[in-house]
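The values are calculated or read from the model by the stated rules, or taken from the named source; none is laboratory data. Note that the coordinates shown come from a computational prediction; the quantities given were computed from them, not determined experimentally. Cβ coordinates were reconstructed from backbone atoms using ideal geometry, including for glycine residues, and neighbour counts include every protein chain displayed.
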Amino acid sequence: MKLPPYATTGQRIWHYSYKVICGLIFFFLIAPIVVIIPLSFNAENFFTFTPGMIALEADAYSLKHYKDFFTNPDWQQAMRNSIRIAPVATLISVTLGTLAAVGLSQDHVPFRRLIMAILISPMIVPLIISAAGMYFFYSRIGLQGTYFGVVLAHAALGIPFVIITVTATLVGFDKSLTRAAANMGADPVHTFFKVQMPLILPGVISGGLFAFITSFDEVVVVLFVGSAGQKTLPWQMFTGLREQISPTILAVATILVVISIALLTTVEILRRRSERLRGLSPG
């Protein structure tokens, strides 16, 4: 945003100070990630920059930690577990979260605010408390240490993201479209899939991506409700930091950062598309 030519000296000072403050905050948030990425190419088994890396010597950099990730059976098993758990948890989160958001968008639903607060509570309650509660609950019903138990736990963590994104999309939804479909004789299910879903689809996909990231990167809950057979990629990273300090962890972290950036970029593209569909931004 450019300053108008008639801006006062105080406005100009605040304008440039605001940019500097935003830049410092951005650097504070991004610095740990920026440091990890070059360290993952370290040719030595160190977690620090070697003199050769600082001097940008070619021999100081290597892909051996990435090779170890793709060839080590422990890492590959953890990767397979994450791939088995995250998509299923995302599917459950998207299904239940979308239905909840659509239902809570109706004005006639009683106690909407209370229900919404309960549904998004996993985002507010400290994760360690949720994990402990799930552990005691799953222990009583026989789901503790099972694949289905981990999937349900991750789905519970992902549902709030779906509800929030879909609810935000429904804010600009024209309800006269559903009434017109009903007047034409369409049943609620047909109206949802043919009228509502195409318009709220960007919000649904965005919520699904957030749910997927939450499940794929989650470690606290799976430590409580999972077993050795459900050891996911973050769990393996946590174990590696605690038991054996291996730079392969940095390579895995870099891969996860790249995946997260790609997914968040997709979310931003979908958000802009949703705004264009609702007429909130120019095409």
The residue from Leu157, Leu152, Leu143 that alone is on the phi < 0 side of the Ramachandran plot and either in a loop (DSSP other than H, G, I, E, B) or in contact with a strand residue (DSSP E or B) (Cβ under 9 Å, 6 or more places away or on another chain) (or both) is Leu143
On the given criteria, is Phe28 aromatic (Phe, Trp, Tyr), under 27 Å from the mean Cα position of the chain (by Cα) and either surrounded by 11 or more Cβ atoms within 10 Å (Cβ to Cβ) or in the same structural domain as Leu256 (by TED's automatic domain parsing) (or both)? no
How about the stretch 170-203: which of its residues are in contact (Cβ under 8 Å) with a residue 12 or more places away in the chain and among the charged types (D, E, K, R)? Lys194
I need a count of the residues in the stretch 71-120 that are in contact (Cβ under 8 Å) with a residue 40 or more places away in the chain and either outside the structural domain of Leu170 (by TED's automatic domain parsing) or of a type outside the set (A, V, I, L, M) (or both). 13
Test for Arg84: is it at pLDDT 85 or above, surrounded by 14 or more Cβ atoms within 10 Å (Cβ to Cβ), of a type outside the set (Ser, Thr, Tyr) and assigned to a helix (DSSP H, G or I): yes
Qualifying residues in the stretch 4-43 (those that are of a type in the set (Phe, Trp, Tyr) and either in a helix (DSSP H, G or I) or touching a helix residue (DSSP H, G or I) at 6+ places or on another chain (Cβ under 9 Å) (or both)) - the one farthest from Thr248 (Cα to Cα): Trp14
With respect to Tyr61, determine if the residue is surrounded by fewer than 13 Cβ atoms within 10 Å (Cβ to Cβ) and either on the phi < 0 side of the Ramachandran plot or touching a residue at least 40 places away in the same chain (Cβ under 8 Å) (or both). no
